[in-house]
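Structure record follows, encoded as structure tokens.
What follows draws every value from the coordinates through simple rules; no lab data is involved. Just so it is clear, the structure is predicted and the values come from calculations on it, not from any experiment. Reconstructed Cβ throughout: ideal geometry from the backbone, glycine too, with neighbour counts over all protein chains shown.
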Amino acid sequence: MGALLCILSAAAFGAMAIFGKLAYDEGVEVGDLLMVRFSLAAVALLAIALARGALRGLSRRAVLVALAMGAIGYATQSGLFFSALERMDASLLALILYTYPVLVVAAAVAIGRERASARRVGALLIASAGVVLVLAGAASGSFDALGAAMGFGAALAYTTYILIGDRVVSGVPLLALAALVCTGAATSFWIAGFVRGGPDLSQSAAGLGWIGAIALVSTVGAILTFFAGLARVGPSAAAILSVFEPVVTVALAAAVFGESLAVVQLVGGALVLAAVVVMQAPGRAVARVRRDAPACA
């Protein structure tokens, strides 16, 4: 059951880019999509956290730090990801974003938080070769350099978020952290909406439906199933099973939009995912305050 829950979580997160593309087809703007997504997710997660007493006993500092993580770190990651999604295929973006576990390990080694073992160095080399193949295959066709840069920016923002969150909110229950991070992110996107001249909530029913799917399936549902699976199988197994996430995105993008990756890109993507598995087992897992979850993604 634990493994199944982790796979369901990965599938829900993997479907997010597909829901986003479908929302864009209905005329939804990035800022409005993120504002509604995080508002719905925050309300749902806060209600669940309050019902379970997860917010009880938190210090003011912990609450403020978690809100800031969402308002700055997670809002930046999500903004970059969904902006990139407007410009490029969901399948390619999924592979670019999923370099973040590799980036977390590389950064942790660079700052002295992890040891540079032969296994980690080998995994980093494998992942680097995979990224080169993914981008080389994209460059041979229609390649959006700005979209790819935003995708890598999202991975870097997520890496920073995880490394900081691993230290500053280590004692906060994951459910409470998810609720507070979503609340912080929602606040940022509401402020951004008013700065742009006011949020546009006059979306079509279909557009709102796809945003609702992102919020309830790919955020709330994905986070809760990940936490439930994590409690049953542990962090290493949960992190390995989350590798299904970009696989689901690639498969759904092919089924829904007819997207296809070149053979060289598929090989590169397989190398990136293999590197993640090598790094996660049997040693200590890469921190996943997630997603995210970091709280959401």
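Annotations
- Pairs with Cβ under 9 Å, 6+ apart, first in region 203-215 and of a type outside the set (Lys, Arg), second loosely packed, with under 15 Cβ neighbours inside 10 Å: 203/27; 204/27; 206/25; 207/25; 207/27; 208/201; 210/25
- Residue 220 meets each of the listed conditions (1) over 17 Å from the mean Cα position of the chain (by Cα); (2) buried (at least 16 other Cβ atoms within 10 Å of the Cβ) apart from (1).
- Where residue 226 falls short, out of the listed (1) of a type in the set (Phe, Trp, Tyr); (2) under 21 Å from residue 41 (Cα atoms); (3) surrounded by fewer than 23 Cβ atoms within 10 Å (Cβ to Cβ): (3)
- Flag for residue 239 being within 15 Å of the chain's Cα centre (by Cα), assigned to a helix (DSSP H, G or I) and among the aliphatic types (A, V, I, L, M): yes
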